[in-house]
Every structure is written in C-alpha cells, then in structure tokens.
Amino acid sequence: IKSGVTGLMALGAAAMAWGVKTAAGAEMSAVVFGTMLKDMGQGAALMREMNKWAGAPLFDQKGLQDAGRFLLKAGVSADQVTKKLDQLGAIALVTKNPIEDIARIYQRGMTVGKFQTGLINDMAERGIDIWHGLAHAIGVSVPEVQAMAEAGKIGPAEMNAALEKLTTGTGIYAGAIQNVAQTWTGMM
C-alpha cells in the first residue's frame, strides 16, 4: 500500500510539474508574441486563438508555439496565423513532420521573398508533394516549376497558392485535421 501511495504521489507531482511547465511556456509565448506584435494584449489574444484552434490538441504545445513565432517572422498577420496553421498542420499530420519544422522552412522562404530549389527540396524531402502542388497552382509542368525555382521565380504568392491547392478542396492534405481529430489517437 505504501508503494502505491508513493507512486500516486509521484505521479501527481509529475502531473503538477508538467501543468506548471505548460502554463509557463504558454505565458512566455504570449509575451514573445506581444513583443513581436508590439502589443501585449494582441500577443495574449493570439495565444488564446492558437489554443482554441481546432488542430491545437493534435500537436505538441511547444512545437505549436514555435510554429506561431515562425509564422509571425514570415510576415503572417496575427489574424491569419491560425489559417496558415490549418494549412501547415494538415501537411504536418499527413507527412508526420513536426509543424514547427514546416513553419521554419516556410518562414525562410517568406523572409527572403522567394522559394528556390533548396527550400522546395527541403519540403519535398519531408514527404510534402510541393513540386506537384506548385505545378498545379501555377498551371505549368513540374520541370517548368523546377526551372522557375532555379531562377528564383517562385515567390510567396506561388507558394501560398500551392499550399492552398494542397490543403483545400480535393488537395492531397485537405481535411487532415478534421479526419485525425476523429480518430482515437486524435481524441487522446
């Protein structure tokens, strides 16, 4: 009995420590978002919005917060962060990549204003069907997209159009968040 009580107490202490750490991480992210947005209230509002986002339970809290920071650095407005998380989250779930890794690659291209071959290959190497997504969005063949990327002619508009094509309608990643959320694993 003593061992059982000790075990339950240890489990309770671990759960409390985890809760405190999670709350501290969320508070710190709200402050970071507020600093980046130059408005602490807006930073806290963004953190609340991200926590209410339908995909939030499907991702590691720290990874999701990191993804939010990368999106802000990419120039995504605070009111559009969860829309972009819908896209990147759907891709992350299907390809089994951390959402923050995909957001980091997206941020790198958005920061320089173009997605050259290296960045697009970084996505493709993670199992993302980005070359076909770009070809479909732009209306050209994959070899033509590759030539455009090599020449530095794939910009934010083309990448955002490709992400939209891949994650909505009949896109390969469309509905992933809703579908995974309905599974036993997603509910847990």
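Rule-based calculations on the coordinates, nothing more; no lab input. Here the structure is a predicted model, which is why all the values come from computation and not from measurement. Cβ: placed from backbone, ideal geometry, glycine included. Neighbour counts: every protein chain shown.
Points worth noting:
- Highest mean packing first, where packing is the average number of other Cβ atoms within 10 Å per residue, the peptides 52-65, 89-102 line up as 89-102, 52-65.
- Count Lys and Arg as plus one, Asp and Glu as minus one, and take only other residues whose Cβ is under 10 Å from that of ALA137; the net charge is then -1.
- Nearest-0.05 FRET efficiency for ASN51 and ASN160, computed from C-beta distance (R0 35 Å): 0.90
- Cα gyration tensor, the range 30-121 - rounded (a/c under 1.5), prolate or oblate: oblate
- Cα gyration tensor shape of the range 102-167, rounded if a/c is under 1.5, else prolate or oblate by comparing a/b with b/c: rounded
- Assigned charges on the beta-carbon of Lys, Arg, Asp, Glu; the range 79-188 dipole about Cα centre (debye): 100 debye
- Over 24 Å apart at the Cα level, from the set LYS52/LYS73; LYS62/LYS83; LYS84/LYS165; LYS62/LYS114; LYS83/LYS165, are LYS62/LYS114.
- Global form of the range 92-136, assessed from the alpha-carbon gyration tensor, a/c cut-off 1.5: oblate
- Using 0.36 nm per residue and subtracting the Cα-Cα separation, the extra length available between LYS38 and LYS96 on full extension is 17.5 nm.
- Pair GLU27, LYS73: separation of 7 Å Cα→Cβ label points (nm): 2.5 nm
- The ALA124 and GLU144 beta-carbon pair, evaluated with R₀ = 25 Å, returns a calculated FRET efficiency of approximately 0.95.
- Computed from point charges on the beta carbon alone (+1 for Lys and Arg, -1 for Asp and Glu), the dipole magnitude for the range 101-149 about its Cα centre is near 180 Debye.
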